[in-house]
Every structure is written in structure tokens, then in C-alpha cells.
Amino acid sequence: MPHLNNLILSRASPVDFDDLRPQLRVVELKRGAVIAESRSRVSQVYFPHSGILSCVVELENGWAIESGMIGKDGVFGAAQAIDGKLSLHKVVVQVPGVASVVKADHLKEVAQSSPDFLSLLIKYEQFFLGQVQQTTACNAIHNVEQRMCKWLVRMYDLVGSELPLTQEFMAQMMGVTRTSVNGVAKQLQSEGLISYRRGKVIILNIDLVQRRACECHQTFREFHAAE
């Protein structure tokens, strides 16, 4: 069943899943598509099966930086649906894929009728908050190579070794210059850790990429294990 390719949906009880299923539909996540604008009301909740959603903070000077990733292990819009809150981020499809989508009002009904399902969603929200907080500290303290390797490890965990990424996009998501990303990418490629060409990064040796990453990638995994 395709909906169960998402970890949150696969963890829902059979009863809760049956309540959701009639209104779940599978949609394509097209690269660059905007799922939500910052401070907009959330009307749809997304459970990715594949691909990656990026939560982005935009600044007045045009700079934007990624604060968190959502993939097959997560959900976007559940907390906002339950509390009637606005999205705090702009949410963009970073890596294309597919997702199960349900109307926010219906998800709220199911969550309010099931303490177990509500608990499942809250636990993921705590994980995501931890990811955002860790990313904030990481961006302030760690160098570009450490951050880029951490970013690649997180993406590897979500979608595997082939990543459709441009250096311009990587620089934007990390809040650094393209020159900085280019220098790190060349170094990693020369050492055989990655291959980069024509907007695609292929991770050749994930173990070495992990060794060059800061400790934040392991912290993300520990957050997820505790979820």
C-alpha cells in the first residue's frame, strides 16, 4: 500500500489509518514547488514517501536558509492543522518525489478522536523542533565543510546516494556563498567522497562523508531514534 511508504502513516494504528485512508491521495512533489508560504494557513498535510521538503527561513535582503528537512520519516502541516496555526516557514520541494496528502480539517478530526495518533504526531513535532534547534547551533558554530557533509548525510538517510542538487541551491540552503560550496565540493570530489556534475551530487563514500561532518548528523539520528 503506497501510503505506508511514509513512516508516520506506517506507525499509525489500523483503526487510525482506516479513518485517514478514504481522504488520502497520492500527489507528485515537483522540484521547486512551494508547499506553503511563510505565515500562511495550512490547508493540506503532506506525508512524503520519497523526495525531500525543505523548510526555509527568508530574510528581507533576499537571503534564505534551510532550518529543517522533511522526508519519508516525517510529515508537514500536522501540528498546524491540529492547532489552527500558520506555517512558520516557506516549504519547498528540494528533491522531487511523491507524498500522501490529506485535508488539514480531516487530519484534525482523526487526531482529536485518537490519543495514540495525536501522540505520534506530537512526537514527530518534537523531533522536528530538535532538528531546527540543532541546525541553528550548527550554522553558528561549524565550518562550511562540516555543515555540507552533515547536510549530505541527512539527505542520504532520506533519499539515498544520488541527489539532484546545484551548488547555487546548496549555498542558498546553507546560507553561505556559492564560492564556499564550490571549494568544498571540489575538495570532496578530489578525495573520492562525492561525484559532482551537471546539477547532480553522487555520494561515493558515505562513511568518509560522515567522518567529515560535524556531530549534528548523529544528533539528528539520536533525536529520531528517541521519537
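The values are calculated or read from the model by the stated rules, or taken from the named source; none is laboratory data. Nothing here was measured: the structure is a model prediction, and the numbers come from that model. Virtual Cβ from ideal backbone geometry, glycine too; neighbours counted across all protein chains shown. Calculation scope for accessible area: heavy atoms of the full protein, side chains included, ligands and nucleic acids excluded. Shrake-Rupley method; radii C 1.70, N 1.55, O 1.52, S 1.80 Å.
Is it fair to say GLY62 is crowded, with 19+ Cβ neighbours inside 10 Å, of a type in the set (Gly, Ala, Ser) and either closer than 26 Å to ARG147 by Cβ or at pLDDT 90 or above (or both)?
Values: crowded, with 19+ Cβ neighbours inside 10 Å: no; of a type in the set (Gly, Ala, Ser): yes; either closer than 26 Å to ARG147 by Cβ or at pLDDT 90 or above (or both): yes.
Taking the combined requirement at face value, the residue does not satisfy it.
Given the range 1-54, what strands (runs of 3 or more DSSP E) lie entirely inside it while holding 1 or more residues that are over 17 Å from MET69 (Cβ atoms)?
Numbers: elements: 25-29, 34-36, 44-48.
In the range 1-54, 25-29, 44-48 are the strands (runs of 3 or more DSSP E) which contain 1 or more residues that are over 17 Å from MET69 (Cβ atoms).
So if I check each of GLN94, GLN80, which one is of a type in the set (S, T, N, Q), touching a strand residue (DSSP E or B) at 6+ places or on another chain (Cβ under 9 Å), open to solvent by less than 40 Å² (accessible area, probe 1.4 Å) and not in a strand (DSSP E or B)? So that I can check it myself, show each step before the final result.
Details: GLN94 fails: not in a strand (DSSP E or B).
Selected residue: GLN80, the only one of GLN94, GLN80 that is of a type in the set (S, T, N, Q), touching a strand residue (DSSP E or B) at 6+ places or on another chain (Cβ under 9 Å), open to solvent by less than 40 Å² (accessible area, probe 1.4 Å) and not in a strand (DSSP E or B).
Taking the range 176-199, which residues are under 26 Å from GLY62 (Cβ atoms) and either in contact (Cβ under 8 Å) with a residue 40 or more places away in the chain or among the small types (Gly, Ala, Ser) (or both)?
Those that are under 26 Å from GLY62 (Cβ atoms) and either in contact (Cβ under 8 Å) with a residue 40 or more places away in the chain or among the small types (Gly, Ala, Ser) (or both): SER180, GLY183, VAL184, ALA185, GLY199.
Would you confirm whether or not the range 97-104 contains a residue that is in a helix (DSSP H, G or I), more than 26 Å from MET155 (Cβ to Cβ) and in contact with a helix residue (DSSP H, G or I) (Cβ under 9 Å, 6 or more places away or on another chain)?
Yes: the range 97-104 contains one or more residues that are in a helix (DSSP H, G or I), more than 26 Å from MET155 (Cβ to Cβ) and in contact with a helix residue (DSSP H, G or I) (Cβ under 9 Å, 6 or more places away or on another chain).
Cβ-Cβ distance below 7 Å, separation of 6 or more or different chains: which pairs start in the range 151-175 with a residue that is under 18 Å from GLN131 (Cα atoms) and β-branched (Val, Ile, Thr) and end on one that is part of a loop (DSSP other than H, G, I, E, B) and open to solvent by 30 Å² or more (accessible area, probe 1.4 Å)?
Partner pairs satisfying both residue conditions: VAL159/SER50.
Could you list all residues from the range 129-149 that are open to solvent by 10 Å² or more (accessible area, probe 1.4 Å) and either modelled with pLDDT of 90 or more or among the aliphatic types (A, V, I, L, M) (or both)?
LEU129, VAL132, ALA137, ALA140, ILE141, HIS142, ASN143, VAL144, GLU145, GLN146, ARG147
Conditions tested, residue by residue: (1) open to solvent by 50 Å² or more (accessible area, probe 1.4 Å); (2) part of a helix (DSSP H, G or I).
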residue	(1), (2)
TRP151	no, yes
ARG154	no, yes
LEU165	no, no
GLU168	yes, yes
ALA171	no, yes
VAL176	no, no
VAL184	no, yes
LEU188	no, yes
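What are the residues in the range 74-122 that are of a type outside the set (A, V, I, L, M, F, W, C) and over 25 Å from PRO22 (Cβ atoms), if any?
LYS85, SER87, HIS89, LYS90, GLN94, PRO96
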